[in-house]
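Notes follow once the structure below has been shown.
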Ligand SMILES: [Zn+2]
């Protein structure tokens, strides 16, 4: 065979390889390519959102205005609000009785400065539900994501600090009544020992149920005020067995129970922050576990969706520009059907990474 004769075969082979790679790169199962952290003003100085392959912006509900939504909509982006559920620390200035109580019967100091709130404080719950309703009724958002929906604990790091709470009189009384558990009249430290000892299973489930019931009410408010909006949650990326089952027995997150009310699970596998700086494949492993746990495959017909929020910004550890593609690659593998990068506040000063993100987002766009 002459050189000329073999050329077409080589070209065909090259084409097959190229098409195959391109088809892999397209990832048509990924519907959302997002940025978390507000309107990316600095990005818009370099091009449109479409030019960066971005089609969704997530921003704090306090920063939403009609003008910002209009700007993002003209760029063809969906707008999702982030909503702080259990971490409005300022509330305690006026209502100190909403502070979580520890096993010693005293106010539990905020671990690493992270302040949670007692989940049964009726005034605080009303305060958050009213704020949630207001965001949904005021703004034409495409969805709203619960954030910090867990107990008083610091876990967004490699070494978490998760004190046992809340043993306030109100929580203990509700537990006793709702679970029909008989408890003697003892001091708080004595009762806390019992709850974490002989009654531990019932106590853990009751705490999970309290947090799930908040999600039920959030869903009810969406159904009343903006039924087309999605309800999502930003949640701890651990499996049910990591840190001795802390997801449920410390953080009070019962993902399966919450799934009844949620549409989207935005797992937070911040690989660098969580001690996996050199291993972005941790992201797809945690996401795969979540899919298995909740029976989500990443099919377009499924009600439940997994849209991980992945770390590109330097937080705890740096994320190098060379790692950007790998991070988004692992964040966009099934069962994920969407992804967003964390976070604009930091990335706006690192346009080289943003440009790398844009190249990847454009490449996987259907
Ligand atoms: Zn309490």
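Selection of segment 171-199 for residues being surrounded by fewer than 16 Cβ atoms within 10 Å (Cβ to Cβ) and in contact (Cβ under 8 Å) with a residue 24 or more places away in the chain yields 174, 178, 179, 187, 189, 193, 196. Here the condition is being out of contact with any strand residue (DSSP E or B) (no Cβ under 9 Å at 6 or more places or on another chain), over 20 Å from residue 98 (Cα atoms) and at pLDDT 95 or above; of 176, 216, 207, it holds for 216 alone. Restricting segment 94-103 to residues that are within 15 Å of the ligand (Cβ to nearest atom) and in a helix (DSSP H, G or I), the residue that is surrounded by the most Cβ atoms within 10 Å (Cβ to Cβ) is 98.
Residues that are free of Cβ contacts under 8 Å to residues at least 24 places away in the same chain, in a helix (DSSP H, G or I) and touching a helix residue (DSSP H, G or I) at 6+ places or on another chain (Cβ under 8 Å) occur at least once in segment 236-255.
Based on this model, can you work out whether residue 158 counts as closer than 30 Å to residue 318 by Cα and surrounded by fewer than 20 Cβ atoms within 10 Å (Cβ to Cβ)? Yes: the conditions hold for residue 158. Listed by first and then second residue, the pairs linking a residue in segment 274-303 that is on the phi > 0 side of the Ramachandran plot to a residue that is part of a helix (DSSP H, G or I) and surrounded by 15 or more Cβ atoms within 10 Å (Cβ to Cβ), with Cβ atoms under 7 Å apart and 6 or more places separating them unless they lie on different chains, are 298/291. In segment 89-101, the residues that are over 15 Å from residue 170 (Cβ atoms) and free of Cβ contacts under 8 Å to residues at least 12 places away in the same chain never reach a residue that is within 14 Å of the ligand (Cβ to nearest atom) and not in a helix (DSSP H, G or I) with C-beta atoms less than 8 angstrom apart, at least six apart or across chains.
Screening 117, 141 for residues that are away from the ligand (no atom under 16 Å from the Cβ) and part of a loop (DSSP other than H, G, I, E, B) leaves exactly one candidate, 141.
Within segment 264-277, can one find any residue that is over 27 Å from residue 117 (Cβ atoms) and surrounded by fewer than 16 Cβ atoms within 10 Å (Cβ to Cβ)? So far as segment 264-277 goes, yes, one or more of its residues are over 27 Å from residue 117 (Cβ atoms) and surrounded by fewer than 16 Cβ atoms within 10 Å (Cβ to Cβ).
Every residue, every condition in (1) outside any loop (DSSP other than H, G, I, E, B); (2) exposed (fewer than 13 other Cβ atoms within 10 Å of the Cβ), yes or no:
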position: 62; (1), (2): yes, yes
position: 67; (1), (2): yes, yes
position: 70; (1), (2): yes, yes
position: 76; (1), (2): no, yes
position: 80; (1), (2): yes, no
position: 83; (1), (2): yes, no
position: 88; (1), (2): no, no
position: 92; (1), (2): yes, no
position: 105; (1), (2): no, no
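Residue 213 falls short on exactly one of the conditions (1) touching a residue at least 40 places away in the same chain (Cβ under 8 Å); (2) within 15 Å of the ligand (Cβ to nearest atom); (3) within 30 Å of residue 64 (Cα to Cα), and that condition is (1).
Give the residues of segment 121-138 that are surrounded by 19 or more Cβ atoms within 10 Å (Cβ to Cβ) and within 14 Å of the ligand (Cβ to nearest atom), sorted by residue number. Within segment 121-138, 121, 124, 125 meet the criteria. Answer with yes or no whether residue 132 is farther than 29 Å from residue 314 by Cα, within 18 Å of the chain's Cα centre (by Cα) and either modelled with pLDDT under 95 or not in a loop (DSSP other than H, G, I, E, B) (or both). Yes; evaluated as a whole, the condition is true for this residue.
Put simply, of 181, 165, 188 the only residue that is over 29 Å from the mean Cα position of the chain (by Cα) and within 15 Å of the ligand (Cβ to nearest atom) is 188.
The values are calculated or read from the model by the stated rules, or taken from the named source; none is laboratory data. None of the values given here were measured: they were computed from a predicted structure. Because the Cβ atoms are built from the backbone with ideal geometry, glycine has one as well, and the counts that use them run over all protein chains shown.
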